[in-house]
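Reading through the structure tokens given below for one structure.
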Amino acid sequence: MGLNVSRNADLASNEWLQRFVGRQHIPHDDEAYWNNLLNYNIVMPENSQDQLSLDSRLETLCQSFIGNNLKTGNFGALVTVFLEKASELMSLSDQESNMHVWQTFNALFIIRTLIKYINETGSEFQLLQHFEAMPSAELLRAAQQQQQEQPTEATSIAMEATEHAALAPLIVDGAKFETFIDALVNLIVVIPVKEFTYHLQLEAVNTLITLLAVHLFAQQQQMTDKSIVFRTIYKCQHANVLMSALLHFVARMVEVPHTMFGSSSTGSFVFGIAESLLSIFSFRKQQDVLKTSNATGVELSQQFRTHYPLANQSLLLILVLTNHCTAQDNAYRASLFGCADSKDSPKQGAVSFQIDFSAVYETLCRIVTIDQATLLLYLLLHRNERFYRFVMQQQNLEQLVIPILQTLYNAPDSNSHHIYMSLIVLLILSEDEGFNKNVHTILLKNISWYTERTISEISLGGILILIVIRTIQYNMLKMRDKYLHTNCLAALANMSGHFRALHPYVAQRLVSLFETLARKHTRLDAQLKEPADSAVFVNVATTPEDMMQDLSVLEEVLRMVLEILNSCLTNQLVYCPNLVYTLLYKRSVFEGFRSHHAFQDVIQNIDMVVGFFSSRLQRVQEQRGELGVNEVLEVISKGASQWSSDRLRKFPDLKFKYVEEDAPEEFFIPYVWTLVCKYGCVHFSSESIKSVTTDIAC
């Protein structure tokens, strides 16, 4: 049998596709027809423009399909062909399965294309109708007559079906659909990833995403717990093995092969088989695409999608499965949160599956600047205690933390959701005392991406403090998000009792943060005290009530900054001479707040420290004269050894723990689907999307 190569340009005029969407029933065992239909090569759409071009070429065919399939049942026949080929794949050798994989992929690609079209133009019920549709008795008789000249097993099947078809109404019980879902899962979890199976597994993952995308096109009030598609996928017989396979795809980050199914650009399929088998042995060596890149989060997302589509789509599918249906038992969610390290022997709690945590951690370190990776990291740290403990034990924490800090540093280029999730990850990390100690022992040299100031050497803890302070100031100017302030300050507060060897610039920025907020407080307070008829507000929409609310929030933030400074002085004064030096130099910034009821108790502690070291410096200056910076630091270090924190007023330890908001799905579900549309390999029609109101750029 010859190779029938079809390109996107001539798909619409393909005679086999025209027959498939036409008015004639095609039995599932008409091998000659299905071999002709499924022997094609296709250039996969790589972006929304490619998808739009393909959709426009297929529009007429898809319309014919919608008009005829409920009578012909050809879609059900194609699904049956796919199910048979997928089942046969499990028992074939590599040489036999290469051609078989190709045809199975082609069948699945047509199925996914039609599912996408029905989702975008119809309803979930119509989708299931097309899955279950059987040919009418009239069409079965026509198919029977056509086959009488060449009798096959299909003839007897057609005759038997004819007898029942006239009496059988179209019952949408989802039986074939459920079998189809099982087959997709089997393709993902059973077949090993090789060069010529890569695209088939990718297509299976994409098909699951496309089916779940019924959520995007449903009316907003329609709940997913009423969706047959969701109920079928969430029946969960395969939750653990599917989640395990998907997370393994992410962790391994296998690069996309240069050719699909080993077929070369010349179309020589036999050569392609040999090429693919030979390249399996070198398949894992092509993984340096992202390592040397200094790309931004958006650029890295595009590279990740282009070079590692199976990992990218698997990651997105994990996020979809775990963030939907959170109000009831979600076996996919429980599976992700219950997995354990394959190098460990868990002694407590049920284990859903085991995976090499080192591989997961290393992959997340490489791609954590992209939204979907940050979200997966959040889920694992927040809900999987074993993974959280594993991360806390790592000696190379800078590989994980620095990319997160870069995301925050490049806040203008990131979306607000990504900034928010990155901060929450830092807050969750800061809940561990070991982390708060370790970040000050990891030294970094020449951080080229931090351009505010040239710093030859600084601790990881120091650069972390700088970036969080910068994020607070950025939020004050641009975003004005109270929750962002809260998370930033909570992370600093958790770390404050362990601040050590702070770089002079870090100490300056900490005190300058208070100074900046204090100036804003003074200005706002003065505006409020002006007579109403002479007050000049920043803009017409700013009312005195709004300003009072801003003042209240500002006082909360100022109080927290003071408590952070106090916590460091109480617990780590001997290790932070540069902070004491800065407080001595900037003591005047606290003057206007000493008598303020919201701050005076904390400022008393700071004043006591400043007074103690100020008097020592004065005595030394009387003996030696004017002191240089190093001499002042020397006096501070000697004085610190004689200082006792017992003199200070005791405050509760600053310990904050991240707690997820009520109804988290209201935040996460739109966010996840935005990522699927923006960074995924499946491109949906943004005009048809109804249930996600978040700004989606497909």
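The values are calculated or read from the model by the stated rules, or taken from the named source; none is laboratory data. A quick note: this is a predicted structure, and the numbers were derived from the prediction, not measured. Using ideal geometry, Cβ is built from the backbone for each residue, glycine included, and neighbour counts are taken over all protein chains shown. Remember, those area values only see protein heavy atoms, side chains included, never the ligands or the DNA or RNA. Shrake-Rupley method; radii C 1.70, N 1.55, O 1.52, S 1.80 Å.
Annotations for the structure displayed:
- In nm, spacing of pseudo-spin labels at Val43 and Trp449 (7 Å Cα→C-beta vector): 3.5
- For segment 57-105: rounded, prolate or oblate by the Cα gyration tensor [a/c cutoff 1.5]: oblate
- Per-residue extension of 0.36 nm, minus the Cα-Cα distance of Asp329 and Gln63, leaves a gain of 91.9 nm for this segment.
- Prolate/oblate/rounded call for segment 481-620, Cα gyration tensor, a/c under 1.5 rounded: prolate
- Counted residue by residue at 0.36 nm each, then reduced by the alpha carbon distance between them, the extension gain from Glu178 to Met90 reaches 29.8 nm.
- Computed from backbone phi, the HN-Hα couplings of segment 448-465 come to 5, 6, 8, 9, 4, 7, 6, 10, 6, 8, 7, 7, 4, x, x, 5, 4, 4 Hz, rounded to whole numbers (Karplus: 6.51 cos²θ - 1.76 cosθ + 1.60, θ = phi - 60°; Gly and Pro given as x).
- Here the peptides 650-659, 175-184 are ranked by packing, the mean other Cβ count within 10 Å, and the order with the highest first is 175-184, 650-659.
- Scattering profile of segment 578-698 at q = 0.13, 0.15, 0.17 Å⁻¹ [log10 I(q)/I(0), Debye over alpha-carbon scatterers]: -0.67, -0.78, -0.93
- Amide H partners (placed H, <5 Å) of Gln354, local residues excluded: Ala340
- Of all accessible heavy-atom area on segment 19-71, the percent that carbon and sulfur account for (1.4 Å): 49
- Rounded to the nearest whole Hz, the Karplus-based 3J(HN,Hα) values (6.51 cos²θ - 1.76 cosθ + 1.60, θ = phi - 60°) of segment 670-681 follow the sequence x, 5, 4, 5, 4, 5, 4, 6, 7, 10, x, 8, with x at glycine and proline.
- Efficiency of FRET between Leu52 and Glu15 - r from beta-carbon atoms, R0 22 angstrom, step 0.05: 0.30
- Ser637-Glu666 FRET efficiency (beta carbon distance; Förster radius 45 Å; 0.05 resolution): 0.30
- Once divided by 2.2 N^0.38 Å, the Cα radius of gyration of segment 629-668 becomes 2.39.
- Averaging 1/r over each pair of different alpha-carbon atoms in segment 50-132 and inverting the result gives 13.9 Å, the Kirkwood hydrodynamic radius.
- Most to least accessible of Val553, Val81, Val43 (protein chains only, probe 1.4 Å): Val43, Val553, Val81
- Database remark: amide H of Leu444 closer than 5 angstrom to the amide H of Ile458, Ser459, Leu460 (H placed geometrically; neighbours at sequence offset of 5 or more, or on other chains; Pro and chain starts carry no H).
- Length, then width, then depth: along the principal axes, the Cα atoms of segment 8-64 run 36, 22, 16 Å.
- Here the spin labels are modelled as points 7 Å beyond Cα on the Cα-Cβ line, and at Val553 and Lys71 they lie 6.2 nm apart.
- In sequence order, calculated HN-Hα J values of segment 611-627 (Karplus, 6.51, -1.76, 1.60; Hz; x Gly/Pro): x, 4, 6, 5, 5, 5, 5, 4, 5, 5, 4, 5, 8, 9, x, 4, 9
- Global form of segment 185-244, assessed from the alpha-carbon gyration tensor, a/c cut-off 1.5: oblate
- Long-range amide H partners of Asn41 with built H, under 5 Å: Ser6
- Measuring only protein heavy atoms, the 1.4 Å probe finds Phe304 accessible over about 0 Å².
- Computed over protein heavy atoms with a 1.4 angstrom probe, the accessible surface ordering of Val506, Val589, largest first, is Val589, Val506.
- Counted over segment 326-439 with a bin width of 5 Å, the fraction of Cα pairs per bin, in whole percents, is 2, 11, 22, 23, 20, 14, 6, 2, 0, 0.
- Once the C-beta distance of Gln623 and Tyr585 is scaled by a Förster radius of 30 Å, the resulting FRET efficiency is 0.90 to the nearest 0.05.
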